[in-house]
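The values are calculated or read from the model by the stated rules, or taken from the named source; none is laboratory data. This one's a predicted model, so the numbers in the text were calculated from it and none came from an experiment. When we count neighbours, we look across all protein chains shown, and the Cβ atoms used for this are built from the backbone with ideal geometry, even at glycine. To get the accessible areas, we keep the full protein, side chains included, count just its heavy atoms, and leave off ligands, DNA and RNA. Shrake-Rupley method; radii C 1.70, N 1.55, O 1.52, S 1.80 Å.
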Amino acid sequence: GVCPYVAYEALCKMNHDGLVEAKAKSEFTDDEIIANYRKAAAKGLLKVMSKMGISTLQSYKGAQVFEAVGLSDEIVDRCFTGTTTRIQGTDFEALYRDLERFHKAGYPDHESDSLLVQSDGQLHYRDGGEAHLNTPAGMVNLQIAARTNSREAYKEFSRITNEQNKKVTLRGQLKFKFDPSRSIPL
């Protein structure tokens, strides 16, 4: 089920701040708002489930209508028994290393180690951080190409983006067997 405690708190705060009344043009109690939210969430879940071909909640439980992507067989066999996984990935050792790293970042050994929250570059580009498809060098070349209609700048943008694609997308990991003798003329 859904356990939306944060949503409940946010809705109640919005109600106390008068935001709900201002938008709905009528007054609600906290209990009414929570009941309305639960009804809307249930309708939304049912709509998504019906689009997935799930007619009843009972038929969904344990149906394993998904595939585990990026987890090793070791994890899938132990935690998601019977789930399909064709693309291997991280194992328990790597998960533990991540857990240790996150714990160390959240609870540093010394107070002076980390007074500010460190950004790993997932949201903003950081040199040496999380890899992104769009890099500063690529964006510079794209802007130059757009402003000056430069083919060379666009080719450089394309080259940089294609190189990054190999690092950051699943599609970039694929290699196609291409035989020109078997191509279909257009």
Point to revise | Net +/- balance of residues flanking N165 in space, Cβ distance below 14 Å, scoring K and R +1, D and E -1 | key: +4
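What does the charge count around I34 come to, taking other residues whose C-beta lies under 14 Å from its C-beta (Lys +1, Arg +1, Asp -1, Glu -1)?
Within the 14 Å Cβ shell, the charges total -1.
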Check your understanding: What FRET efficiency do you get for F80 and M139 if R0 is 41 Å and r is their Cβ-Cβ distance, rounded to the nearest 0.05?
Key -> 0.60
Review point. Roughly how much of I160 is accessible, in Å² to the nearest 10, using a 1.4 Å probe?
Key: 20
Point to revise | Low-density loop cleavage sites - chymotrypsin sites (Phe, Trp or Tyr not before Pro) in segment 125-180, where at most 16 other Cβ are within 10 Å (DSSP) | key: Y125, F176, F178
Practice item. Straight distance only, please: which lysines reach the Cα of K23 with their own Cα at less than 26 Å, same-chain residues fewer than 8 apart left out? Key: K13, K39, K43, K47
Point to revise | Neighbour cut-off at most 10 other Cβ (10 Å), DSSP loop, chymotrypsin sites (Phe, Trp or Tyr not before Pro), segment 1-97 | key: F66
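Per residue, how large is the accessible surface of the chain? Use a 1.4 angstrom probe and give square angstrom.
With the other protein chains kept in place, the chain gives 85 Å² per residue.
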Practice item. Only Cα pairs under 8 Å and at least 6 apart count here; give the relative contact order of the chain as a rounded whole percent. Key: 8
Study note, to complete from the structure: Within the under-12-Å Cβ sphere about L71, not counting L71, Lys/Arg +1 and Asp/Glu -1 give a net charge of -3
Exercise for review: Sum -39500 (n - 2.57) across every DSSP H segment of at least 4 residues in the chain, then divide by the residue count to get the 222 nm mean residue ellipticity, nearest 500.
Suggested key: -16000 deg cm²/dmol
Point to revise | Accessible surface of the chain [probe 1.4 Å, protein heavy atoms]: carbon and sulfur percent | key: 56
Check your understanding: With every protein chain present, what accessible area does E27 have (1.4 Å probe, heavy atoms only), rounded to the nearest 10 Å²?
Key -> 150
Point to revise | Förster radius 30 Å - calculated FRET efficiency between F178 and D127 (Cβ-Cβ, nearest 0.05) | key: 0.30
Point to revise | Efficiency of FRET between L45 and R159 - r from beta-carbon atoms, R0 41 angstrom, step 0.05 | key: 0.40
